[in-house]
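Worksheet: the structure to be examined is printed underneath.
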Amino acid sequence: MDKPLNVTQKLIKSHLVEGEMNPGEEIGLEIDQTLTQDATGTMVMLELEAMDLDKAKTELSCQYVDHNLLQTDYRNPDDHVFLKSAAEKFGIWYSRPGNGVSHPIHTERFAVPGKSMIGSDSHTPATGSMGMLAFGAGGLDVAFAIAGEPMYVKMPEVLGVKVTGRLPDWVSAKDVVLEMLRRYDVEGCVGKIIEYYGPGLKHLSTMDRHVIANMGTEMGATSTVFPSDEETRRFMKLQEREDEWSELIADEGAEYDEHEELDLSEVVPLIAKPSSPGNVVPVSEVAGSEIYQSYIGSSANPGIRDFWVPAQIVKGKRVNEDVSFDINPTSRQVIENLAEDGSLMQLVQAGARFHQAGCNGCIGMGQAPATGRKSLRTVPRNFPGRSGTKEDEVYLCSPETAAASALTGKITDPRDLEEIYNMGYPNYQEPNEIIVNREMLVAPPENGEDRTLDKGPNVVSLPDFDAVDDFEVPVLLKMGENISTDEILRAGADVLPYRSNIPEISKFAFEIVDENFYERALEAQDEHGGHIVVAGENYAQGSSREHAAIAPRYLGQQLVIAKSYARIGWQNLVNFGILPLEFDNEADYDDIDQGDTIKAENIREQLESGHEVTLKNVTKGNEYTLKHTMSERQREIMLAGGEINHFKQRKN
Ligand code: MIC
């Protein structure tokens with residue numbers, strides 16, 4: 001008899017086109033669906049153009065416009081127009097600006113149990129809430145998937161989390177994932193897929209599972225997977241898609257590489273302090289601090305219940321006069337349902353500032369907090385400066401905690417509402433019918449291949465990059481642990497409009513770490529032909545934005561030496577020909593300083609011959625033997641100067 005399989009193994013096995021399912025080995029997976037959002041999607045469409053693609057080869061691809069929604073000049077709207085033309089040309093669905101956040105909409109409208117997907121957004125694993133195998137990836141990997149190529153990833157280990165019990169009052173799915181973050185921090189699940197199973201799952205709705213799968217990314221996980229069970233069926237029926245449901249559960253006796261147990265009844269209200277999602281403590285530990293903002297919404301708390309519960313909490317009351325109570329509805333569908341059930345009125349009457357459906361302030365596209373003030377948000381991450389305010393103080397919490405704190409003006413454990421307002425916990429019962437809205441999802445035309453792309457002046461084609469060669473360049477930065485892509489190339493309303501313009505966006509590279517980085521990089525490029533940077537563990541964690549590799553590469557970055565890397569960030573470096581080397585020992589990291597000159601000799605031969613590279617520190621007179629974990633296929637990509645050059649070579 002065949003070995004019993006868990007859900008992750010079943011999903012991988014049914015999509016495996018290259019390699020063996022041995023943890024750590026590179027495997028190739030067939031991809032059924034793709035998701036792109038506007039802030040990364042413009043680059044994906046430019047990449048498809050560079051690859052001369054005629055039509056998407058996937059079963060379904062959808063381009064969402066949810067990030068760059070502010071229209072303070074022509075740039076963002078030009079991108080929207082460009083994306084619609086590209087969606088038509090390449091045969092891709094188009095979710096119009098204002099329709100809402102990609103991940104929950106994809107889960108509601110398109111996700112199908114048993115299918116695979118990659119998306120140019122790190123939170124793509126959210127659809128793992130429905131028994132899908134979904135990965136976040138850099139734009140170029142998504143472009144290749146749209147072109148029908150496999151996705152390559154190191155075969156992950158599977159961390160099985162057995163869920164028991166039932167959540168207490170005032171505690172919700174966000175607290176569950178914060179509990180996981182408390183245990184695993186931001187790098188504890190690198191190289192793993194988290195699979196949830198067990199009797200407790202029946203008390204978690206699909207949108208609760210979405211919250212948990214969405215933020216698995218914050219632990220560095222390759223993905224998160226839930227089974228497709230009766231709850232999935234109920235959800236799909238509610239979304240008028242029951243016919244697309246099928247069961248996908250682990251076999252009796254299936255095993256996991258690692259084990260964890262989570263008793264829902266023991267979870268308490270939790271909060272991640274500034275400025276890392278892994279900085280988790282009980283809300284009670286920080287209760288009492290005054291806040292400036294309470295912000296509800298985003299892909300990390302997208303369900304109707306995530307607005308309904310706060311609406312019940314603030315109903316008939318007024319939020320504190322010093323609090324900006326920002327409500328960011330997930331989608332038009334959510335707005336319609338909140339209007340129908342009265343929540344919208346309750347929120348507005350309590351003082352809510354209602355924004356359009358989309359990601360908005362989650363990536364600093366508006367709603368930046370005031371200087372030195374605390375902002376409580378239900379969003380997935382709080383890396384430094386991401387909100388748009390340089391020295392921000394963003395806390396991540398549940399909608400319950402955000403609503404309670406909006407009322408009192410101080411960080412408040414929602415359980416205290418029972419005493420303060422004599423209030424019982426508003427338990428949400430999802431109705432048997434909801435309003436389903438498909439109106440702003442535009443289906444691709446049958447034959448759009450001849451459509452010309454509508455490119456505004458800010459949509460600039462990708463620059464060409466040279467193949468890797470010997471160098472002698474300065475170390476421009478020596479950084480510490482857990483440097484996020486928000487620090488490498490920040491978000492914010494002033495930067496995001498340049499996502500389709502590499503020369504312009506490169507001016508913001510590493511600005512959070514060093515304000516003068518851009519000028520120093522230009523100088524190093526002129527004088528030495530480039531530069532390198534050094535970092536600690538988990539380099540390039542966080543978002544999937546490939547701009548965090550392309551912009552430094554455009555400024556002459558040859559290589560990064562780090563203690564370790566986040567998966568997507570590492571892959572993006574390889575895709576764009578920046579060599580990702582790893583320290584073999586702590587002493588070498590300690591030895592190397594900002595300003596040192598590093599020399600690489602016979603680098604091509606060194607790469608061809610194995611997994612070690614020796615570099616010389618000319619300033620100190622030392623040599624370092626460093627490692628890399630690229631597969632043979634990736635070494636070829638690196639030698640070609642990146643994936644696009646490699647693709648062109650393969651075609652000729
Ligand atoms: C994020 O949450 O960091 C983002 C903004 O959605 C990113 C994508 C981006 O930078 O455009 C992500 O998660 O990948």
- Task: Scan the range 192-205 and give yes if some residue there is assigned to a helix (DSSP H, G or I) and of a type in the set (Lys, Arg), otherwise no.
- Result: yes
- Note on the structure: Here the residues within the range 250-277 that are hydrophobic (A, V, I, L, M, F, W, C) and surrounded by fewer than 17 Cβ atoms within 10 Å (Cβ to Cβ) are Val268
- Looking at the range 527-555, which of the residues that are more than 10 Å from the ligand (Cβ to nearest atom) and part of a helix (DSSP H, G or I) is nearest to Phe135 (Cα to Cα)? Ala549
- Right, Tyr565: closer than 24 Å to Tyr518 by Cα and touching a Gly at 6+ places or on another chain (Cβ under 7 Å) or not? no
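This table checks each residue for (1) surrounded by fewer than 19 Cβ atoms within 10 Å (Cβ to Cβ); (2) more than 23 Å from Phe471 (Cα to Cα); (3) touching a Lys or Arg at 6+ places or on another chain (Cβ under 8 Å).
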site	(1), (2), (3)
Phe508	no, yes, yes
Ile512	no, yes, yes
Glu515	yes, yes, no
Arg520	yes, no, no
Asp526	yes, no, no
Gly530	no, no, no
Ala535	no, no, yes
- Message: Looking only at the range 253-296, how many residues end up being among the acidic types (Asp, Glu) and either assigned to a loop (DSSP other than H, G, I, E, B) or farther than 23 Å from Gly200 by Cα (or both)?
- Response: 4
- If you take the residues of the range 481-500 that are among the small types (Gly, Ala, Ser) and buried (at least 24 other Cβ atoms within 10 Å of the Cβ), which of them is nearest to the ligand (Cβ to nearest atom)? Ala491
- Query: Does the range 290-298 contain at least one residue that is touching a residue at least 40 places away in the same chain (Cβ under 8 Å), under 19 Å from the mean Cα position of the chain (by Cα), within 16 Å of the ligand (Cβ to nearest atom) and under 23 Å from Thr224 (Cβ atoms)?
  - Reply: yes
- Could you please give the count of residues in the range 275-304 that are over 19 Å from Glu179 (Cβ atoms) and not hydroxyl-bearing (Ser, Thr, Tyr)? 8
- Can you work out which of the residues in the range 44-81 that are within 16 Å of the ligand (Cβ to nearest atom) and part of a helix (DSSP H, G or I) is farthest from Pro445 (Cα to Cα)? Arg75
- Quick one: which residue in Gly456, Gly424, Gly385, Gly364 is surrounded by fewer than 18 Cβ atoms within 10 Å (Cβ to Cβ) and under 30 Å from Asp494 (Cα atoms)? Gly456
- Query: Can you find a residue in the range 9-18 that is buried (at least 16 other Cβ atoms within 10 Å of the Cβ) and basic (Lys, Arg)?
  - Reply: yes
- Say whether the condition of being under 16 Å from Ile550 (Cα atoms), of a type in the set (D, E, K, R) and within 16 Å of the ligand (Cβ to nearest atom) is met by at least one residue in the range 461-468. no
- Query: Would it be correct to say that Lys89 is assigned to a helix (DSSP H, G or I), under 18 Å from Met155 (Cβ atoms), out of contact with any His (no Cβ under 6 Å at 6 or more places or on another chain) and not aliphatic (A, V, I, L, M)?
  - Reply: no
- Condition broken by Arg520, with the remaining ones in (1) more than 30 Å from Val190 (Cα to Cα); (2) among the basic types (Lys, Arg); (3) within 16 Å of the ligand (Cβ to nearest atom) satisfied: (3)
- Qualifying positions in the range 321-366 - polar (S, T, N, Q), part of a helix (DSSP H, G or I) and more than 16 Å from the ligand (Cβ to nearest atom): Gln333, Asn337, Ser343, Gln346, Gln349
- Mind checking which residues of the range 376-401 are away from the ligand (no atom under 16 Å from the Cβ), within 22 Å of the chain's Cα centre (by Cα) and under 18 Å from Val283 (Cα atoms)? Leu376, Glu393, Tyr395, Cys397, Ser398, Pro399
- Cβ-Cβ under 6 Å pairs, at least 6 apart or on other chains, the range 586-597 side part of a helix (DSSP H, G or I), far side surrounded by 11 or more Cβ atoms within 10 Å (Cβ to Cβ): Asp588/Tyr624; Tyr589/Phe583
- Query: Here are Val176, Val211: which of them is more than 16 Å from the ligand (Cβ to nearest atom) and buried (at least 17 other Cβ atoms within 10 Å of the Cβ)?
  - Reply: Val176
- Apart from one, (1) surrounded by fewer than 23 Cβ atoms within 10 Å (Cβ to Cβ); (2) farther than 26 Å from Thr222 by Cα all hold for Lys627; the odd one out is (2)
- Task: Quick one: in the range 112-138, of everything that is in a loop (DSSP other than H, G, I, E, B) and within 16 Å of the ligand (Cβ to nearest atom), which residue is farthest from Tyr196 (Cα to Cα)?
- Result: Gly138
- Any residue in the range 226-233 that is of a type in the set (S, T, N, Q), more than 24 Å from Tyr197 (Cβ to Cβ) and away from the ligand (no atom under 16 Å from the Cβ)? no
- Task: Please work out if Val560 is out of contact with any His (no Cβ under 8 Å at 6 or more places or on another chain), in a helix (DSSP H, G or I) and β-branched (Val, Ile, Thr).
- Result: no
- All conditions in (1) farther than 22 Å from Leu178 by Cα; (2) at pLDDT 95 or above are true of Gly372 except (2)
- Query: Residues in the range 146-154: is at least one under 18 Å from Met45 (Cβ atoms) and buried (at least 24 other Cβ atoms within 10 Å of the Cβ)?
  - Reply: yes
- Message: For the range 215-230, check the following and say yes or no: at least one residue is out of contact with any Cys (no Cβ under 9 Å at 6 or more places or on another chain), part of a helix (DSSP H, G or I) and more than 18 Å from Arg381 (Cα to Cα).
- Response: yes
- Query: Just one of the numbered conditions (1) closer than 29 Å to Phe235 by Cα; (2) away from the ligand (no atom under 16 Å from the Cβ); (3) in contact with a Ser or Thr (Cβ under 8 Å, 6 or more places away or on another chain) is not true of Tyr152; which one?
  - Reply: (1)
- Restricting attention to the range 166-173, does a residue exist that is among the acidic types (Asp, Glu) and either within 19 Å of Asn482 (Cα to Cα) or in contact with a His (Cβ under 7 Å, 6 or more places away or on another chain) (or both)? no
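The values are calculated or read from the model by the stated rules, or taken from the named source; none is laboratory data. Everything numeric here is computed off the predicted structure, so don't read it as measured data. FYI the Cβ positions are ideal-geometry reconstructions off the backbone, even for glycines, and counts take in every protein chain you see.
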